[in-house]
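To keep things clear, I will list the structure first and then write my remarks on it.
Just so you know, all these numbers are worked out from the coordinates, no wet-lab data involved. All values derive from a computational prediction rather than experimental measurement. Note: ideal-geometry Cβ built from the backbone for every residue, glycine included; neighbour counts use all protein chains shown.
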Amino acid sequence: MDAVLRAAVIYLLLLVIFRIAGKRSLAQITTFDFVLLLIIGEATQQALLGNDFSITNAILVIVTLIMLDIGFSMVQERFPNLTPWLEDMPLLLVENGNMLKKAMDQSRISEADLLHAARTLQGLERMDQIKFAVLERTGEISIIPKESG
Amino acid sequence: MERIGDIEINQDLPFQTRQWNIQRVGWAIMTLLIVAALLGVFGSGPLSSTTAGDNETVAVHYERFIRHTGEGDITIAVAASQAPADEVELRVEASWLDAVQILSISPEPAEFLAGDDSHVYVFTVDEPERPFAVNIRYTPREMGRISGGFTVNDGPSVSFTQWSYP
C-alpha cells in the first residue's frame with residue numbers, strides 16, 4: 001500500500017511542480033540543467049523507495065508510475081480539453097524573422113537561445129533566416145528556415 | 001489545427017496567458033514554501049524548536065515539526081531542586097514511545113520499568129541536587145499528530161504535541 005501511495009503522490013507532485021516551472025525548466029539547455037535533472041532524480045529516489053530496498057517495492061513503484069502514465073494518457077484521449085493542462089501547448093516564438101517578445105519573455109527564452117537552436121538544428125546564421133521558431137511542449141525549440149532563393 | 005502563415009500549430013494564446021499567470025502564482029507559492037522551510041515550518045528551524053515546561057522545574061526542549069522517518073532530538077532538563085536523590089525517574093507516556101522509535105538515550109538509563117500508560121526510565125545520578133539533563137534521539141514512526149509527556153520523580157509533568165510530516 002505504502003509503495004503505491006508514495007509513487008502516486010510523487011508522480012502528481014512532480015507533475016504539478018514541473019508544470020508550474022514551465023516548459024523551459026527541464027529542456028537541458030546547458031550542462032548544468034542536465035546535472036540539475038540528475039540531482040532532482042536523486043532526491044526523489046529516496047522518497048519513492050523509503051527504507052524498503054526490496055525488489056517487490058521497486059516493482060510496485062515502477063508499476064504504479066507506468067500505470068499512472070498510461071492512465072493519464074487515456075484520460076487525455078477521453079477528454080482532449082485536459083491535454084493542454086497536463087502537457088502544455090506549442091508556442092510561436094519567431095514569425096518570419098520577427099521575434100515575438102511577449103512569448104519569449106514569458107517563456108524565459110532569449111535571443112541567444114533562439115540563435116543557438118537555429119545554429120545547431122539548421123545551421124542558420126541570422127535571425128532573418130528563421131521563418132518560424134516554435135517552443136515545443138517538450139521545452140525544445142524547433143526552427144523552420146526561410147526557403148532560400 | 002490553427003494555421004498561422006504557413007505553419008499548422010495548435011497554439012492557444014489565451015490559454016498560454018492563463019497558464020503564465022498560474023505559473024507566476026505557483027512561483028510565489030514555491031517561494032513562500034522555501035521561506036517557510038527556512039523558518040522551520042517543516043522541521044528544524046526557529047519556528048520548530050520550542051520548550052515546554054519551565055526552567056525552574058522541568059523543561060522539555062523539542063521540535064514542533066518533525067518528519068516521518070527523519071531524526072528528532074528532545075532534551076529534558078531537570079532543575080537541581082527536582083533531583084534531590086541519587087536516582088532520577090523519568091516517566092514517559094506510552095503513546096509517545098509507540099509513535100517514535102528511540103535511537104539513543106544519553107545518559108544511559110540504569111533501569112527501564114514498563115507500565116501500562118507510561119514507562120519509566122531510571123537514571124543514576126552522581127551527585128544529587130545538581131541540574132540533570134536527558135537527551136533522547138528518536139525517529140517518528142507515525143505521521144500526523146504525536147503527543148507525549150514526561151514526568152520527573154512523580155513531580156511536575158510536562159506534555160507536548162508534535163506534528164510529523166509524511
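Overview of values
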| read-out | value |
| --- | --- |
| Sites B:Asp116 and A:Leu82 - FRET efficiency at Förster radius 45 Å, r taken between beta-carbons, to 0.05 | 0.25 |
| In sequence order, calculated HN-Hα J values of the stretch A:104-116 (Karplus, 6.51, -1.76, 1.60; Hz; x Gly/Pro) | 5, 4, 5, 8, 6, 10, 9, 4, 4, 4, 5, 5, 4 |
| B:Phe15 paired with B:Thr124, simple spin-label distance in nm, labels 7 Å along Cα-to-beta-carbon | 7.6 |
| Relative contact order (percent, whole number), chain A, Cα cutoff 8 Å, 6+ residue spacing | 24 |
| Of A:Ser110, A:Ser54, A:Ser25, the one that fluctuates the most in a GNM where chain A has Cα springs shorter than 10 Å | A:Ser54 |
| Chain B: relative contact order as a whole-number percent, Cα under 8 Å and 6+ apart | 23 |
| Check: chain A dipole with +1 on Lys, Arg Cβ and -1 on Asp, Glu Cβ, in debye | 280 |
| Estimated dipole of chain B in Debye, rounded to 20 [Cβ of Lys and Arg +1, of Asp and Glu -1, Cα centre] | 960 |
| Kirkwood-based shape ratio for the protein assembly as shown, expressed as Rg/Rh from alpha carbons | 1.19 |
| Cα coordinate range in chain B, projected on the principal axes (Å, largest first) | 91, 29, 21 |
| 5 angstrom amide H check on B:Gly53, placed H, neighbours 5+ away | B:Val60 |
| Calculated FRET value between B:Thr139 and B:Ala28, using beta carbons and R₀ = 45 Å, to 0.05 | 0.85 |
| Mean residue ellipticity (222 nm) of the protein assembly as shown, computed from DSSP H runs ≥ 4 via -39,500 (n - 2.57), nearest 500 | -11500 deg cm²/dmol |
| Student exercise, the protein assembly as shown dipole from Lys, Arg, Asp, Glu Cβ charges, in Debye to nearest 20 | 1780 |
| Residue with peak Gaussian network fluctuation, chain B [Cα springs, cutoff 10 Å], from B:Ile136, B:Ile34, B:Ile105 | B:Ile34 |
| In degrees, nearest ten, helix B:13-39 long axis to first principal axis of chain B (Cα) | 20 |
| Chain B: most fluctuating residue of B:Leu47, B:Leu32, B:Leu90 per GNM, C-alpha cutoff 10 Å | B:Leu32 |
| Positive-end residue, the stretch B:49-165 charge dipole about Cα centroid, Cβ charges, pick of B:Ser81, B:Ala52, B:His68 | B:His68 |
| Hydrodynamic radius (Kirkwood) for the stretch A:29-68, which is based on Cα pairs only, to one decimal in Å | 11.5 |
| Listed residue (B:Pro14, A:Gly22, A:Val4) projecting farthest to the positive dipole end of the protein assembly as shown, Cβ model | B:Pro14 |
| Residues B:Thr17, A:Thr83, sorted so that the one with the fewest Cβ neighbours within 10 Å comes first | B:Thr17, A:Thr83 |
